[in-house]
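Accompanying notes for the structure given below.
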Amino acid sequence: MAASAAIFPMPAVAQDSNARVVVIGGGFGGAACARALKRANPRLGVILVEANRIFTACPMSNAAIAGLRDLKLQDFGYDRVAASGVGMEFLAATAVDPAAKTVTLADGRKLGYERLVLAPGIDFRWDALPGYSPAAAAVMPHAWKDGDQIALLTKQIDAMDDGGVVVISVPVTPSRCPPAPYERASLVAHTLKTKKPRSKVIVLDAKDSFTMQRQFQGAWNQLYSGVLEYVALSDGGLVTSVDVATKTVVTDFDKFTPAVANMIPQQKAGRIAELAGVADRTGWCPIDPVTFESRLQSNIHVIGDAAIGGAMPRSASAAISQAKICAGAIATLLAGGTPPTPTLTSTCYSLIAPGYAISQSGGYRPVEGIYNEAEGTGVISPVDAPQDVRAREAREADSWFASITGAVFG
């Protein structure tokens, strides 16, 4: 087909202010990076490649799953991104040729680039849990990405009879937004407590410790005694297999047949990272912490959940921070300059119940080629904070979500 041979031309000189930058992935990181590139140099040709016309945000989605928020409030389009001067291609990227500096789209066309930014998010290690597969996810949803999956889990919990059990399987790290499974368990427990009081949620964890554990467990003891049961790795929390036909979840010491099984798989960088040759044997992408350029392929930058960020968490806030730094670094490199050493930030809110939230934030700087938390920047909610503090953080969570979505998609 003629289209398959067409390569969109690109400038050959890096200092050319009309150079093309292609960004793959329209989540928080990719969309923010595309817009930041245009702000850094309006003459840059920036194209955002994204398979979907609607982005479903993961932050706050747990509240939607628990019936506390309309799922439609999680959906964002790209009209304002396009209005900022970013070219849009609503197709999947199927291949990257680092030598030729081209990206192949699902319709066979090829885009040339001077610099490429990959913000592919996560994919799943489907072979890590015997019995679990993309087909199994239609019965036992992961709801860890994809609006349809989030909607499915919401529907299953809503339809469950009072007295039913919800099992949430938490994977090993690294994973997207490590506190999110525990936020999900908290909000599901709130819904069961208020609407299905004979039901319970069981958390099966592949780890013995997790982010903000004391804060979460203190809240569970206060709010969800008898409703939420937590099973750590050392107590038999590791899920070893599932049987979709019987909806059975198997651990080393037990078997569960819940009414709703939320299986969050082990994770790795999105598929295009592997195709581009920027993912290493861990499944994640090593990067230069100053420019976010891949350590495996030149002229390709990786941001967001897919990148190996050291101490910096895989969160929406961190992805946006990375996006801005990466965009500035690319603009500087294309102009022949040397990017400065950055400081990146991340803030994460976790809702425990309506009007009750906890949070953590930090600043991060490169040390010996990897991000470390900058001294004196880490802030975490007090373990024994009074209710007015928890309520204030819940209000701040709402404002934070409105701020980041407005900045990227508004």
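The values are calculated or read from the model by the stated rules, or taken from the named source; none is laboratory data. Here the structure is a predicted model, which is why all the values come from computation and not from measurement. In this analysis, Cβ positions are derived from the backbone assuming ideal geometry, glycine residues included, and neighbour counts consider all displayed protein chains.
Brief remarks follow.
- Picking from residues in segment 153-203 that are under 21 Å from ARG125 (Cα atoms) and among the polar types (S, T, N, Q), the one that is surrounded by the fewest Cβ atoms within 10 Å (Cβ to Cβ) is THR173.
- For segment 309-350, residues that are among the aromatic types (Phe, Trp, Tyr) and over 16 Å from the mean Cα position of the chain (by Cα) total 0.
- Filter result for the condition that a residue is assigned to a loop (DSSP other than H, G, I, E, B) and either closer than 25 Å to PHE409 by Cβ or modelled with pLDDT of 95 or more (or both), over MET140, MET88: MET140
- Taken together, the criteria exclude ARG365 from residues that are modelled with pLDDT of 95 or more and either in a helix (DSSP H, G or I) or of a type in the set (Ser, Thr, Tyr) (or both).
- Across segment 381-410, the number of residues qualifying as of a type outside the set (A, V, I, L, M) and not in a helix (DSSP H, G or I) comes to 5.
- Exclusive hit being under 30 Å from LEU68 (Cβ atoms) and surrounded by fewer than 23 Cβ atoms within 10 Å (Cβ to Cβ), set GLY369, GLY378, GLY328, GLY337: GLY378
- Contact annotation: residue pairs with Cβ atoms under 8 Å, 6 or more positions apart or on different chains, pairing a residue in segment 393-410 that is surrounded by fewer than 18 Cβ atoms within 10 Å (Cβ to Cβ) with a partner that is part of a helix (DSSP H, G or I), are ALA407/ALA32; ALA407/ILE320; GLY410/ARG80.
- Subset of segment 283-311 [surrounded by 24 or more Cβ atoms within 10 Å (Cβ to Cβ) and of a type in the set (A, V, I, L, M)]: ILE287, ILE300, VAL302, ILE303, ALA306, ALA307
- Residue, farthest from the chain's Cα centre (by Cα), within segment 351-401, restricted to residues that are acidic (Asp, Glu) and closer than 23 Å to THR194 by Cβ: ASP388
- Single condition ALA135 does not satisfy, out of (1) in contact with a helix residue (DSSP H, G or I) (Cβ under 8 Å, 6 or more places away or on another chain); (2) over 21 Å from GLY283 (Cα atoms): (1)
- Unique match (being under 22 Å from the mean Cα position of the chain (by Cα) and in a loop (DSSP other than H, G, I, E, B)) among PRO197, PRO178: PRO178
Per-residue answers, yes or no, for (1) under 18 Å from GLN322 (Cα atoms); (2) hydrophobic (A, V, I, L, M, F, W, C); (3) touching a residue at least 24 places away in the same chain (Cβ under 8 Å):
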{"position": "SER346", "(1), (2), (3)": "yes, no, yes"}
{"position": "TYR356", "(1), (2), (3)": "no, no, yes"}
{"position": "SER359", "(1), (2), (3)": "no, no, yes"}
{"position": "GLY363", "(1), (2), (3)": "yes, no, no"}
{"position": "ILE370", "(1), (2), (3)": "yes, yes, yes"}
{"position": "VAL379", "(1), (2), (3)": "no, yes, no"}
{"position": "PRO386", "(1), (2), (3)": "no, no, no"}
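- Residue in segment 151-171 that is in contact with a Leu (Cβ under 6 Å, 6 or more places away or on another chain), over 20 Å from GLN74 (Cβ atoms) and in a helix (DSSP H, G or I) present: no
- Within segment 105-137, being in a loop (DSSP other than H, G, I, E, B), of a type outside the set (A, V, I, L, M, F, W, C) and closer than 25 Å to ALA316 by Cβ holds for PRO120, GLY121, ARG125, PRO134.
- Where a residue in segment 84-110 is closer than 11 Å to ALA276 by Cα and in contact (Cβ under 8 Å) with a residue 60 or more places away in the chain and its partner, wherever it lies, is hydroxyl-bearing (Ser, Thr, Tyr) and buried (at least 16 other Cβ atoms within 10 Å of the Cβ), with Cβ under 6 Å and at least six apart: THR94/THR104; ALA95/THR104; LYS101/TYR113
- Within segment 92-104, the set of residues being surrounded by 14 or more Cβ atoms within 10 Å (Cβ to Cβ) and assigned to a loop (DSSP other than H, G, I, E, B) comprises ALA92, PRO98, LYS101.
- For the criterion of being touching a helix residue (DSSP H, G or I) at 6+ places or on another chain (Cβ under 6 Å) and assigned to a helix (DSSP H, G or I), ALA329 fails.
- Applying the criterion of being surrounded by fewer than 24 Cβ atoms within 10 Å (Cβ to Cβ) and touching a Leu at 6+ places or on another chain (Cβ under 9 Å) to the residues of segment 266-282, the residue that is farthest from GLY30 (Cα to Cα) is GLN266.
- Subset of segment 371-409 (residues that are of a type in the set (Ser, Thr, Tyr) and out of contact with any Gly (no Cβ under 9 Å at 6 or more places or on another chain)): SER381, SER399, SER403, THR405
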